[in-house]
1. Please go through segment 103-132 and pick out each residue that is on the phi > 0 side of the Ramachandran plot, within 28 Å of the chain's Cα centre (by Cα) and exposed (fewer than 15 other Cβ atoms within 10 Å of the Cβ).
2. Looking only at residues in segment 1-45 that are β-branched (Val, Ile, Thr) and open to solvent by 50 Å² or more (accessible area, probe 1.4 Å), which one is farthest from residue 194 (Cα to Cα)?
3. Of all residues in segment 64-101, which are among the small types (Gly, Ala, Ser), assigned to a loop (DSSP other than H, G, I, E, B) and either without any contact (Cβ under 8 Å) to a residue 40 or more places away in the chain or more than 18 Å from residue 3 (Cα to Cα) (or both)?
4. Tally the residues that are in contact (Cβ under 8 Å) with a residue 24 or more places away in the chain and surrounded by fewer than 17 Cβ atoms within 10 Å (Cβ to Cβ), restricting the search to segment 267-277.
5. Which of the numbered conditions does residue 114 fail, given that it passes all the others? Conditions: (1) in a helix (DSSP H, G or I); (2) in contact (Cβ under 8 Å) with a residue 40 or more places away in the chain; (3) not small (Gly, Ala, Ser).
6. Based on this model, can you work out whether residue 53 counts as of a type outside the set (D, E, K, R) and within 30 Å of residue 292 (Cβ to Cβ)?
7. Please work out which one of (1) open to solvent by 40 Å² or more (accessible area, probe 1.4 Å); (2) within 22 Å of the chain's Cα centre (by Cα) is the condition residue 54 fails and give its number.
8. On the basis of being modelled with pLDDT of 95 or more, farther than 22 Å from residue 188 by Cβ and among the charged types (D, E, K, R), does residue 10 make the cut?
Amino acid sequence: MPIIEARQLRKVYGNGKVALDGLSFEVRRGEVFGFLGPNGAGKTTAVKILTGLVAPTAGEARVFGLPPGDPAAKARLGFLPEHFRFYDWLTGWELLDFYGRLSGLEAGRRRRRIQEALELTGLADAADARLHAYSKGMQQRIGIAQALLHEPELVLLDEPTSALDPLGRREVRDLIRRLKAEGATLFLNSHLLSEVEMVCDRVAIVDHGRVIRAGLMAELLDGSRELRVMVDRVTPELRARLQKIGSVQQAGSTEVVLAVADPDAAPLAAEAVHSLGLRLYGLVPAQRRLEDIFVQAVEGEAQ
């Protein structure tokens, strides 16, 4: 059974705004799932439905096979929202103790888990500092610590690296990999596509309230290659020949970038250049990035 199931979710707010329009996806146990989309795509609404904060207008969602608002489902879920506010007069330890009590952790286990969460997020030395003295990155990490405090089976992280510097982002990536290795399932909503590409097993790209592309990360990237063709000059005839080999993504005066499905397209491109009497200066195959796939999917949806 998938840990998360969303079936034809639709959400229409009171002002008539359609936030979700037939959204369907599932998250499998033990994977890191990336949930991506431009601003206004419906990602936040979907997360609120999965955490039981908002009810859908139509469709159905299940978390651990239960309605999202069911206390039994919430007890197995950890959540860090994108916009959070903590009681900044508390210390880091006091904040985690407060959330530990809300989670029903008994005293001995609560103390142990607070210490482990602080060490895991690199905040052990700041445990007794007031939150108002924390930097943005430290506040982000204490938020992650509270999401992990009760050892949830499913962790929803909404923009977990948005306030972190490169070192902090790497630490969160390592943390995500560690949690996955320990058997947790992670649902990651992030606009930092390079981060998603490095840690996620599977992704869904959302726009206008529905999934427009989804699949295993390895398969999406494996099926999306680029070939950079560098010549002395790009002519209309060359563009036409190359268009038969792949999809022209960019074309300048001396360079054409092709999206190709087969890496063996390189010899065909070389033949096309030489047949037109042009000089070939380079053929550079490259794996396309998740950002390219994301832009292509969203722009294709807008057309």
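1. Residues satisfying the conditions do not exist here.
2. Restricting to residues being β-branched (Val, Ile, Thr) and open to solvent by 50 Å² or more (accessible area, probe 1.4 Å), the top hit is 18.
3. If the condition is that a residue be among the small types (Gly, Ala, Ser), assigned to a loop (DSSP other than H, G, I, E, B) and either without any contact (Cβ under 8 Å) to a residue 40 or more places away in the chain or more than 18 Å from residue 3 (Cα to Cα) (or both), then 69 is the only one that fits.
4. Residues in segment 267-277 being in contact (Cβ under 8 Å) with a residue 24 or more places away in the chain and surrounded by fewer than 17 Cβ atoms within 10 Å (Cβ to Cβ): 2 in total.
5. Exception for residue 114: condition (2).
6. no
7. All conditions pass for residue 54, except number (1).
8. yes
The values are calculated or read from the model by the stated rules, or taken from the named source; none is laboratory data. Keep in mind that this is a model prediction, so the values were computed, not measured. We place every Cβ from the backbone using ideal geometry, glycine too, and count neighbours over all the protein chains shown. In case anyone asks, the SASA skips ligands and DNA or RNA and just uses the protein heavy atoms, side chains included. Shrake-Rupley method; radii C 1.70, N 1.55, O 1.52, S 1.80 Å.
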